[in-house]
Amino acid sequence: MWCVINALDDGERQFIARSSFGRLLEFPKLLAWSASFRIFILGRQLEVAKPNEIWVLFAGTPIRFSLREFKIVIGLQCGKYPSLKMKRKKGTAGKRIPFYNKLFGLEEDVTVDRVITMLKRRIISDPGMRIRCACLAIVDGFLVPTSHYPKIVKAHAEMAEDVEAFLSYP
């Protein structure tokens, strides 16, 4: 996550710090064991069917957290998911260019490492797009990675089009 933050300008870092991800930036300021424990919990989550529980693998044993406990420990927003409404713009007759393509063109399976490189080299220069890419890299690379080589999830990219709604999403 720190490579994402280090790739941003001061103003962009401040925006992230004021967002719901700001609590993640406070980890280094905490006691070493506290920060390590929080990062451990985020990185060792198990996929479960129950929506109000988070299971973490600790020393080979699954441990359950309620969403309330998880929120207390991690500091991220946890709550009911808002309904997602797809916006249709007038005059497009249903032909909407996916926001993923606006961010990355026709490139498929964009990795989080690629996004970080794009941010560092300032390939993406628009501040709004840089913020969106940074948020996607934090979510898909740190909070909910799908593999050891995480990729940007297209559904997440579509949600990031409205960055305020994206940052308020639990």
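Coordinate-derived values only; no laboratory data. Small disclaimer: the values here were computed from a predicted structure and weren't measured. Glycine gets a Cβ as well: all are built from the backbone with ideal geometry, and neighbour counts include every protein chain shown.
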Problem set entry | Where a label projected 7 Å from the Cα of residue 154 along Cα→Cβ would reach, residues of region 95-133 with amide N under 16 Å | 95-111
For this session: Run the quick spin-label model on residue 161 and residue 6: label points 7 Å from Cα toward the beta carbon, then report their separation in nm to one decimal.
Result: 3.4 nm
For this session: Compute the FRET efficiency between residue 129 and residue 61 as 1/(1 + (r/R0)^6), taking r as their Cβ-Cβ distance and R0 = 35 Å, and round to the nearest 0.05.
Result: 0.25
Problem set entry | Fully extended contour minus Cα-Cα distance, from residue 168 to residue 120, at 0.36 nm per residue | 14.7 nm
